[in-house]
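**Student:** One structure, as structure tokens, below. Some questions next.
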Amino acid sequence: METKFVVTDEVRDPLMDYLEDPFLLDLFNQIRKAGSIKEISLDLTHICNLRCQGCYFFVNELDQNKAPEDDAEFDAFIEREKARGTNSITVLGGEPSLQLDRLRKLAQHFWIVVATNGTIRIPYEGLENITISVSVWGDRETDRMLRGGGKLDVVSRALKNYQGDRRALWYYTVPSGNAHQIEGVVEQCVENGNFVLFNYYGDKSGLGGIYDHHQGFAAVRQEIDRMIARYPDRILMTPYINKVLSTGNLYGESWGYDVCSGISENMPENAARFKNGKPYNSHFRAYNPDAKTTRVCCASNNPDCSTCCQTWAQIGWIMLNMEQHLGSKQEFTNWLTTMYLFYLIDRAIDFEAGIKLLPEIQKRVNCESTLTLK
């Protein structure tokens, strides 16, 4: 995600009015000081030690692009991206913890958020300042069924690996019919000394029933909002973000390829999307494991946006629509806090200082006041 503030004459007056609030000005200045985030995603390896049901990586056969065996090829990738101005990488799989040496190389040059299944602990040495996004898909029974082949207790192993680890952020993917599991899962993650961010389960494997996202996420959204109120200093999502993600609606527009920002800027297949007038990330590329080729979007070469509930991509949708959020101070607050949490998760700003602001951020966000958000 390439993120930056562009203050045109049209937005200057309302923006300056809203920034008379000292708290909002502080958030704004922290982001300005950090500068633009120029992000890419990279599948660090084509290998994984799990086969999770609904994982886009294997559903879309992205493991067919093999990671380079020669470290010189990987080093050349790093140099190319540094020359392009990249400063942030979302590191995906297969399973990145299987390539710790290359993960350390990335951490020397970029802000990184690494997505892991949690079964192999990522050590501190050389990786002290990264965010570790640990996947969890439900309580132990649900997670074992979806990710452990019905046998492996992935959750227990991951909890042990990241107990008390301030780098660890549980990326909780919730099926539409499992709202009742949220409280127990969040409790165990918080008690483990970690943070929580939510994602929504798209039924890419066609399991149906409680996993069918077509049922909608109204009950899930309500329960997540309740957890945010209960743990305002531990959940890195606001009710506003939750509403946009769970409804797939932003100022009357519906989530899909036509508005998605997570599309590779160098892919000819995206040419029509770039011309449709909707904002997009002009720097982003989604690299395959070979560290050379890219795909159309962060998840696929043939995206089916009806099954895409990616939190990171939809947060980008919010961030790239700043001007739509200038209609009131509340709307601007909803946008600015979204931006701030993105920077905080990326650790582009001081993480420990930012975490202390979370309760005030949650107090100020009010998604219900945005009348055009249905």
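**Student:** List, in the order given, every pair from Lys243/Lys363; Lys160/Lys292; Lys278/Lys363; Lys105/Lys356 whose Cα-Cα distance in the structure shown is over 26 Å.
**Tutor:** Numbers: Lys243/Lys363 16 Å; Lys160/Lys292 35 Å; Lys278/Lys363 31 Å; Lys105/Lys356 30 Å.
In this structure, Lys160/Lys292; Lys278/Lys363; Lys105/Lys356 lie more than 26 Å apart at Cα.
**Student:** Using a simple spin-label model with points 7 Å from Cα along the Cα→Cβ vector, what separation in nm is obtained for Ala353 and Asp26?
**Tutor:** Distance between label points: 1.0 nm.
**Student:** Let me ask something else. Given R₀ = 22 Å, what would the calculated FRET efficiency be for Lys160 paired with Ala229, taking r from the Cβ atoms and rounding to 0.05? Numbers along the way, then the final one.
**Tutor:** Details: r = 29 Å, r/R0 = 1.31.
Step by step, r from the Cβ atoms, then E = 0.15.
**Student:** Say R0 is 45 Å: what FRET efficiency, to the nearest 0.05, do Ile47 and Ser328 get from their beta-carbon distance? Walk me through the numbers before you get to the answer.
**Tutor:** Values: r = 49 Å, r/R0 = 1.09.
According to the calculation, E is roughly 0.35.
**Student:** Multiply the residue separation of Asn266 and Ala83 by 0.36 nm, subtract the distance between their alpha-carbon atoms, and state the gained length in nm to one decimal. Walk me through the numbers before you get to the answer.
**Tutor:** Numbers: separation 183, 0.36 × 183 = 65.88 nm, distance 1.57 nm.
Once the chain is fully extended between Asn266 and Ala83, it gains 64.3 nm.
**Student:** Give me the distance between the Cα centres of the stretch 132-175 and the stretch 282-296, rounded to whole Å.
**Tutor:** 27 Å
**Student:** Provide, for q = 0.10, 0.11 Å⁻¹, the log10 of I(q)/I(0) from a solvent-free Debye sum over equal Cα point scatterers in the chain.
**Tutor:** These q points yield log10 I(q)/I(0) values of -0.59, -0.73.
**Student:** Another question about this same structure. Just the C-alpha atoms of the stretch 250-374: what Rg/Rh do they give, with Rh taken as the Kirkwood radius? Show your work: numbers first, answer last.
**Tutor:** Numbers: Rg = 16.1 Å, Rh = 16.0 Å.
My calculation of the ratio gives 1.00.
**Student:** Please list the equivalent ellipsoid semi-axes of the stretch 92-182, computed as the square roots of five times the alpha-carbon gyration tensor eigenvalues, in descending order and whole angstrom. Present the calculation step by step, with values, prior to reporting the outcome.
**Tutor:** Numbers: eigenvalues 130, 32, 27 Å².
Here the semi-axes work out to 25, 13, 12 Å.
**Student:** Shifting gears a bit: Could you size up the charge dipole of the stretch 153-194 around its Cα centre, putting +1 on the beta carbon of Lys and Arg and -1 on that of Asp and Glu, and report it in debye to the nearest 20? Please list the in-between numbers first.
**Tutor:** Numbers: 4 positive and 5 negative charges, 46 e Å.
Using only the charged Cβ atoms, the result is roughly 220 debye.
**Student:** Excluding ligands, DNA and RNA, what is the solvent-accessible area per residue of the chain at a probe of 1.4 Å, expressed in Å²? Present the calculation step by step, with values, prior to reporting the outcome.
**Tutor:** Details: 14900 Å² over 374 residues.
Averaged over the residues of the chain, the accessible area is 40 Å².
**Student:** Charges only on Cβ, +1 for Lys and Arg, -1 for Asp and Glu: so what's the dipole of the chain about the Cα centre, in debye to the nearest 20? Mind showing how you got there, number by number?
**Tutor:** Working: 40 positive and 49 negative charges, 54 e Å.
Dipole magnitude for the chain comes out near 260 debye.
**Student:** Another one. Identify the GluC sites (Glu not before Pro) of the stretch 69-139 meeting these criteria: DSSP loop state and at most 15 other C-beta atoms within 10 Å of the C-beta. Could you put the intermediate results ahead of the total?
**Tutor:** Working: sites: Glu69, Glu73, Glu79, Glu81, Glu125, Glu128; in loops: Glu69, Glu125, Glu128.
Filter output for the stretch 69-139: Glu69, Glu125, Glu128.
The values are calculated or read from the model by the stated rules, or taken from the named source; none is laboratory data. Note that this is a predicted model, so its numbers are computed, not measured. Here Cβ is always computed from backbone atoms with ideal geometry, including for glycine, and neighbour counts include all displayed protein chains. Ligands, DNA and RNA are stripped out before the accessible areas are found, and what is left, the full protein with its side chains, is counted by its heavy atoms. Shrake-Rupley method; radii C 1.70, N 1.55, O 1.52, S 1.80 Å.
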